[in-house]
Amino acid sequence: MTCDRSTVSVTSKEAMCFSDFPMPSDFPNYLPHSKFLEYLRMYVAHFQLKQYIRFETEVVSVEQQQDGGGRWSVTTRTTTDSGDTTTEIFDAVMVCSGFQSEGNMPTFEGQEEFTGELIHSINYRFTLVRFLFFKFFVLYLIC
């Protein structure tokens, strides 16, 4: 997970949970990251999903098939030393991102003239001490 150890959700457990798998009653209303991770692991175990999850794998390309059937060709590559690539065909593709993902640093007009430092919020925990005595502006984008 990429969130800080002190991160606590600002959404209640009832609003965050999957509709087919409620949060345990003994979980706090607002989850620290460790409890949310525990919940995700419980969900995966309950529905036996681990066999469908591929770790250490990046998506290289996603292309709609040209046969008119609406299916998708997805090419992946392992991030281990072998770097093996695989292409599979799927009926549907879902693109998901969130606070467990890597940051996506946007570019904007005039960025090259900015003389300050640009950092993604995902990296704040490593650089926060440097900024304690500065005034700064936070631009929050949901992409």
Identify, please: which residue in the stretch 60-92 is aliphatic (A, V, I, L, M) and surrounded by 12 or more Cβ atoms within 10 Å (Cβ to Cβ) and is, among those, farthest from Cys17 (Cα to Cα)?
-> Val60
Taking the stretch 40-59, which residues are modelled with pLDDT of 90 or more, within 17 Å of the chain's Cα centre (by Cα) and among the aliphatic types (A, V, I, L, M)?
-> Leu40, Val44
Can you pull out the residues in the stretch 42-58 that are closer than 19 Å to Met94 by Cα and part of a helix (DSSP H, G or I)?
-> Tyr43, Val44, Lys50, Gln51, Tyr52
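Any residue at all in the stretch 31-41 that's assigned to a loop (DSSP other than H, G, I, E, B), out of contact with any Leu (no Cβ under 7 Å at 6 or more places or on another chain) and under 20 Å from Thr7 (Cα atoms)?
yes
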Is the stretch 76-91 home to any residue that is modelled with pLDDT of 65 or more and among the aliphatic types (A, V, I, L, M)?
-> yes
Here the qualifying pairs (Cβ atoms under 7 Å; residues six or more apart or on different chains; first in the stretch 33-46 and in contact (Cβ under 8 Å) with a residue 24 or more places away in the chain; second of a type in the set (Gly, Ala, Ser) and surrounded by 11 or more Cβ atoms within 10 Å (Cβ to Cβ)) come out as Phe36/Ser9
Within the stretch 59-79, can one find any residue that is among the β-branched types (Val, Ile, Thr), part of a loop (DSSP other than H, G, I, E, B) and over 27 Å from Ser6 (Cβ atoms)?
-> yes
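Let's see how each residue does on (1) hydrophobic (A, V, I, L, M, F, W, C); (2) touching a residue at least 12 places away in the same chain (Cβ under 8 Å); (3) touching a Leu at 6+ places or on another chain (Cβ under 7 Å):
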position: Tyr52; (1), (2), (3): no, no, no
position: Thr57; (1), (2), (3): no, yes, no
position: Val74; (1), (2), (3): yes, yes, no
position: Ser82; (1), (2), (3): no, no, no
(1) in a helix (DSSP H, G or I); (2) surrounded by fewer than 10 Cβ atoms within 10 Å (Cβ to Cβ); (3) modelled with pLDDT under 70: which one isn't true of Arg130, the others all being true?
-> (2)
Those residues of the stretch 8-30 which are in contact with a strand residue (DSSP E or B) (Cβ under 7 Å, 6 or more places away or on another chain) and either aromatic (Phe, Trp, Tyr) or in a loop (DSSP other than H, G, I, E, B) (or both) amount to Tyr30
Residue satisfying condition, being at pLDDT 90 or above and loosely packed, with under 13 Cβ neighbours inside 10 Å, within set Ser97, Ser19, Ser6 = Ser19
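The values are calculated or read from the model by the stated rules, or taken from the named source; none is laboratory data. It should be emphasised that the depicted structure is a prediction, and the values quoted were computed from it without experimental measurement. Reconstructed Cβ throughout: ideal geometry from the backbone, glycine too, with neighbour counts over all protein chains shown.
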